[in-house]
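Just so it is clear, none of the values below were taken in a lab; they were calculated from the coordinates. Quick caveat, the model's predicted, so the values are computed rather than measured. All Cβ positions, even for glycine, are placed from backbone atoms using ideal geometry, and neighbour counts span all protein chains on display.
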4 protein chains.
Amino acid sequence: MDRPLIIAGKTFNSRLMTGTGKYRSIEQMQHSILASGCEIVTVAVRRVQTKAAGHEGLAEAIDWTKIWMLPNTAGCQTAEDAVRVARLGREMAKLLGQEDNNFVKLEVIPDGKYLLPDPIGTLQAAEQLVKEGFAVLPYINADPLLAKRLEEAGCATVMPLGSPIGSGQGIRNLANIQIIIENAKVPVVVDAGIGTPSEAAQAMEIGADALLINTAIACAENAPLMAEAMGLAAVAGRLGYLAGRIPVAKVAIASSPMTGTITS
Amino acid sequence: MDRPLIIAGKTFNSRLMTGTGKYRSIEQMQHSILASGCEIVTVAVRRVQTKAAGHEGLAEAIDWTKIWMLPNTAGCQTAEDAVRVARLGREMAKLLGQEDNNFVKLEVIPDGKYLLPDPIGTLQAAEQLVKEGFAVLPYINADPLLAKRLEEAGCATVMPLGSPIGSGQGIRNLANIQIIIENAKVPVVVDAGIGTPSEAAQAMEIGADALLINTAIACAENAPLMAEAMGLAAVAGRLGYLAGRIPVAKVAIASSPMTGTITS
Amino acid sequence: MDRPLIIAGKTFNSRLMTGTGKYRSIEQMQHSILASGCEIVTVAVRRVQTKAAGHEGLAEAIDWTKIWMLPNTAGCQTAEDAVRVARLGREMAKLLGQEDNNFVKLEVIPDGKYLLPDPIGTLQAAEQLVKEGFAVLPYINADPLLAKRLEEAGCATVMPLGSPIGSGQGIRNLANIQIIIENAKVPVVVDAGIGTPSEAAQAMEIGADALLINTAIACAENAPLMAEAMGLAAVAGRLGYLAGRIPVAKVAIASSPMTGTITS
Amino acid sequence: MDRPLIIAGKTFNSRLMTGTGKYRSIEQMQHSILASGCEIVTVAVRRVQTKAAGHEGLAEAIDWTKIWMLPNTAGCQTAEDAVRVARLGREMAKLLGQEDNNFVKLEVIPDGKYLLPDPIGTLQAAEQLVKEGFAVLPYINADPLLAKRLEEAGCATVMPLGSPIGSGQGIRNLANIQIIIENAKVPVVVDAGIGTPSEAAQAMEIGADALLINTAIACAENAPLMAEAMGLAAVAGRLGYLAGRIPVAKVAIASSPMTGTITS
């Protein structure tokens, strides 16, 4: 009964996106992607290009006839750098058979400790990439005004973070994400920080359109099992959103009127 | 890969229990029970006996060859009252075909506003009912010492509440429930207060053995859809528990080493 | 403009109680008690009697003409034990010059890991001690029904815990403490778990009548400074409660109507 | 034992700033400013200039020989507008006797519902105002990278919001504010959203240098009493920060070794 997720005109049934980093092995990654039910997987262009540790053969290990590639600009500290890497990402997608893939997950991250994105550089890069025909999915702090600016600049989604990348702190800025969702006309994808299925479900329940989860799956003790858990949680949260939750009441409300008297 | 839930020697595959109160119609209840995938449904003995509003035909509307009945003592303010109603519940289960059903969800609730259970009366009633051969599932405040006392008295589970019945406030006493789980040798069933799938998943992730959810399903805008969401969330949370979550980190952890340099 | 705190007919101006355990030195304890502005200090009878490490000379180090002693039954695992220690506490108070002091902070704690109180044993001991003329201040889990039972048994206050003793986790069961406050006719003293001034203020803001804080002061890096902070926080929270906080609004509310237009 | 607060070379002893909006009367405002102990009061230039409702005589009602004025640009939707109003503010301060006052609280707020600031416009206006010799205190979303950019642009402080203006939701983005504090070389002033003394204390405890609170005081049931509470809470939180809180422990830690045995 749900409508599909549509990003830049392309339709997806799963609302969970995953990544390729940090898995213990290529096999773990393959099993986890499958178990999650995801249809979009993000790939760090820079690391694939340079064959960074853990990235050899990574791009070839995924069946790109079934999974839509979301090249990302991880490792870019400036707008210029990110624009350049985005172009490389487009080439990479083409080489791997996705001729019409113009998607890019835009990350402009000057800070090495918290890996938080630069709002100014992100907006600059987004404006340039939109001009060049990219479908831009920018990774941002949960700033409602920045989200609106990026939407007006033509971005395909906004991707506010729940908490720092890989931290597993969950959604630490729920209020701002709710405001972004309320105001957005493009899909809102909560990205970064989710550590547990309940946090995944929570993001979907407040109306997020999709999630991107990498570390919480790849670094779980049992990655494929956590992938399955996250896939189910995304659906559970989405259905919960559609089903319309009960209001929060200050006092208790009995399960039925206390009118019964026993005649035994 | 999960082991089943075993309560008083009886085996269940679903870890979600539901109820029968507050539904808009019998049909809504039937569809919701089905959609939730639950195998245990609790029934207010007192209201069925008295044919309270909304309870006519209720007991007959469920297929008791597939669903295990959990008679409850809702509406009882004292231990004596609860013991009496528990006995009626056993008769009811027998009449409906469950000859060997000795389960009772024990509620001793003197307070009409928050519907919080009386620890003293609950312990007294539990001791008596255990003596009479019941499998007792007591509804309690999340008090670790009381939980231990009830376990020692021979209860089949403990059922700590997350927040007041029907309030949808979620799990407001997580720390105590965690201590109960850590110490219990019987299954811990989180009961009351859950409002959303994320809250259901959260309870399972910290190691609860099962959940009982009624109002959040029955009073959702779309009850059967919420039932499905809760069923999925219980599984997602359980798998998340088994999969072993990532630790919470204070800072960010990049998805892969920042060693790449581009050679384009 | 505040009314004083009255416990068992005795009047106090400060709403912060402190303890004597865990200080680095007797001098630190003395300075901290002074800096906190407290008028009630709790003392572990058992440890003073046995001259446990850190307790030699402790009772003599406090000016009992200015500070009201609150003997406590720490270290007691059963009701019987607690009753016995309470009687010793009364003797100790008399010996130190407080002839009319019948106060006892009742702790019945069978569990050594979380130091959580036993509701059944606590109620039993309270009933006995009330009979013997004690002003009983029972340490309890935040269980509203138990609190009501203890009040009906004649206790002078109830002392729900915020979180385990010494844990500094803050107030992890706010909802239950609010219900206790709403229903209580005796003073409610939040005891255990508070780690910071903000948590102290929070307890007072929801209407607690007083606080008991020991570890958070004694084990702070600078104990007397933290004592001063806690004393101020208790007052700040109390005044905040009396002043009537603004409602929580979902959206923003401008500091004044946005009607201005500039005519420069 | 604390060092004073220094902003743009000017020294203050109080770490609480207040405002002038929304009071029920000029008298209430005067009493509240006094009771809070604050030394800095912010004034909406635009509303004073236009003599908006509730702002007639406002500027004259404060003793500017004792209170340092912080003109703000409330009501400005663009950088240009804010720069213009900041200049008017400087004139206003001079007219009221503060010849050397170059302070401006910079607000660029295009959104009327949540009153959230525009990061791009704020940075632009800040750069211009710094050039013109202003001490700029920008109101921002709690975005660590934006805070760093503003600091590098020469701002005198950063003023991250806790939650939307006037909402009383408290600090909804603690994690980001902590990162800002950790990285900032200029004072961090938490502004907007604080509703209670405990929330004020909490901001100070994590190391904020100061607070700005308006609505929570002006709209409290008893404004001067809440002003006093907030003043005390700011000090309590500051002392708590300086005193060094205890670590949060997972289990309980007894107030003294459980070695005592009674020899009665």
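Determine the shielding of peptide B:174-183 by partner chains: average, over its residues, the number of Cβ atoms on other chains within 10 angstrom of each Cβ. Before the final figure, lay out the partial values.
Working: counts 2, 11, 11, 0, 1, 8, 0, 0, 3, 3.
Mean shielding count: 4.
Can you give the three extents of the C-alpha atoms in region C:27-74 along their principal axes, from longest to shortest, in whole Å?
28, 20, 17
Between helix B:79-95 and chain B, what is the angle of the helix's C-alpha long axis to the longest principal axis, kept within 0 to 90° and rounded to the nearest 10?
Approximately 90 degrees, to the nearest ten.
Taking one equal scatterer on every alpha-carbon of the protein assembly as shown, how large is log10 of I(q)/I(0) by Debye at q = 0.05, 0.06, 0.10 1/Å?
-0.35, -0.50, -1.29
Among D:17, D:230, D:92, which one shows the biggest mean-square fluctuation in a GNM of chain D, springs joining Cα atoms closer than 10 Å?
D:92
May I ask you to report, in nm to one decimal and beginning with the shortest, the distances from residue C:3 to the same position in the other copies, taking label points 7 Å along Cα-to-Cβ?
4.7, 5.6, 5.8
Report, in debye and to the nearest 20, how large the dipole of the protein assembly as shown comes out about its Cα centre when Lys and Arg carry +1 and Asp and Glu carry -1 on their Cβ.
Details: 92 positive and 104 negative charges, 0 e Å.
It comes to approximately 0 debye.
Can you give the relative contact order of region B:14-97 as a percent, counting alpha carbon pairs under 8 Å and 6+ residues apart?
Numbers: 94 pairs, mean separation 24.6, N = 84.
It comes to 29 percent, rounded to a whole number.
Could you work out [θ]222 nm for the protein assembly as shown from helices alone, using -39500 (n - 2.57) per DSSP H run of at least four and dividing by all its residues? Round to the nearest 500 deg cm²/dmol. Show your work: numbers first, answer last.
Working: 36 runs with 396 residues, N = 1056.
Taking each H run of at least 4 residues, the total per residue is -11500 deg cm²/dmol.
What percent antiparallel are the DSSP beta bridges of region B:5-243, to the nearest 5?
On the way: 3 of 25 bridges.
Of all bridge pairs located within region B:5-243, approximately 10 percent are antiparallel.
With the Cα gyration tensor of region A:71-111 in hand, convert its eigenvalues to equivalent ellipsoid semi-axes via √(5λ) and list them largest first in whole Å.
Working: eigenvalues 86, 12, 9 Å².
Output for region A:71-111: semi-axes of 21, 8, 7 Å.
Net charge around residue D:164, counting only other residues with Cβ within less than 11 Å of its Cβ (Lys, Arg = +1; Asp, Glu = -1)? Show your work: numbers first, answer last.
Values: positive: C:250, D:113, D:172; negative: D:111.
Result for the local shell: +2.
Give me A:45, D:186, C:235 ranked fewest to most by other Cβ atoms within 10 Å of their Cβ, as a rough exposure proxy.
On the way: A:45 30, D:186 18, C:235 24.
By the 10 Å Cβ count, ascending, the order reads D:186, C:235, A:45.
Could you pull out the GluC sites (Glu not before Pro) across region C:89-127 that fall in loop regions by DSSP (anything but H, G, I, E, B) with no more than 16 other Cβ atoms inside 10 Å? List each step's numbers first, then the result.
Details: sites: C:91, C:99, C:107, C:127; in loops: C:99, C:107.
Qualifying residues, ordered by number: C:99.
Let me check against my output: what whole-number percent is the relative contact order of region B:5-243, with C-alpha pairs under 8 Å and at least 6 apart? Each step should come with its number before you reach the end.
Working: 520 pairs, mean separation 49.2, N = 239.
For region B:5-243, the relative contact order is 21 percent.
In region B:154-226, which GluC sites (Glu not before Pro) fall in coil by DSSP and have 15 or fewer other Cβ atoms within 10 Å?
On the way: sites: B:182, B:199, B:205, B:221; in loops: B:221.
In loop regions of region B:154-226 (DSSP not H, G, I, E or B), the sparsely surrounded GluC sites (Glu not before Pro) are B:221.
State the extension gain, in nm to one decimal, for the chain segment bounded by residue D:34 and residue D:100, taking 0.36 nm per residue of separation less the distance between their alpha-carbons. Mind dumping the intermediate values first?
Details: separation 66, 0.36 × 66 = 23.76 nm, distance 2.34 nm.
That pair, residue D:34 and residue D:100, stretches by 21.4 nm at full extension.
Taking a label point 7 Å from Cα toward Cβ, how far is residue D:94 from its twins in the other copies, in nm, shortest first?
6.1, 8.0, 9.7
Cβ under 11 Å from residue D:4's Cβ, residue D:4 left aside: what net charge do those residues give with Lys, Arg +1 and Asp, Glu -1?
0
Taking a label point 7 Å out from Cα toward Cβ, give me the nm distances from residue C:244 to the same spot in the other copies, shortest first, one decimal.
3.6, 4.4, 5.7
Given labels modelled 7 Å from the Cα in the Cβ direction, how far is it in nm from residue C:50 to residue A:27?
The modelled label-to-label distance comes out at 5.7 nm.
Give me log10 I(q)/I(0) at q = 0.18, 0.20, 0.23 Å⁻¹ for region C:135-236, Debye formula, one equal scatterer per alpha-carbon, no solvent.
Scattering profile of region C:135-236, log10 relative to I(0): -0.75, -0.91, -1.13.
Treat every Asp and Glu Cβ in chain D as -1 and every Lys and Arg Cβ as +1, leave all other atoms uncharged, and give the resulting dipole magnitude about the Cα centre to the nearest 20 debye. If you can, show how the numbers build up before the last one.
Numbers: 23 positive and 26 negative charges, 47 e Å.
Dipole size: approximately 220 debye.
Just tell me how shielded D:220-232 is by partners: mean number of partner chain Cβ atoms within 10 Å of each residue's Cβ, no decimals. The partial results should precede the final answer.
Numbers: counts 6, 5, 5, 2, 1, 8, 8, 2, 5, 13, 4, 3, 12.
What the average comes to for D:220-232 is 6.
Would you mind giving the average projected area, over all directions, of the Cα convex hull of region C:5-243 in nm² with one decimal?
About 11.1 nm², averaged over all directions.
Work out the length of the dipole vector of region D:195-250 about its Cα centre, built from +1 on the beta-carbon of each Lys and Arg and -1 on the beta-carbon of each Asp and Glu, and round it to the nearest 20 debye. Walk me through the numbers before you get to the answer.
Working: 3 positive and 5 negative charges, 56 e Å.
With Lys and Arg at +1 and Asp and Glu at -1, about 280 debye.
Express in nm, to one decimal, how much length is gained between residue B:249 and residue B:183 on full extension, taking 0.36 nm for each residue of separation and deducting their alpha carbon distance.
Working: separation 66, 0.36 × 66 = 23.76 nm, distance 2.68 nm.
Difference between extended and current length: 21.1 nm.
Name the GluC sites (Glu not before Pro) in region D:1-78 that are in a loop by DSSP and that have at most 14 other C-beta atoms within 10 Å, would you?
On the way: sites: D:27, D:39, D:56, D:60; in loops: D:39, D:56.
Answer in residue order: D:56.
With bins 10 Å wide starting at 0, give me the P(r) of region A:124-182 over every alpha carbon pair, in whole percents.
Per 10 Å bin, starting at zero, the Cα-Cα P(r) for region A:124-182 comes out as 24, 47, 25, 3 percent.
What is the distance in Å between the Cα centroid of region D:171-185 and that of region B:189-224?
With region D:171-185 and region B:189-224 each reduced to a Cα centre, they are spaced 34 Å.
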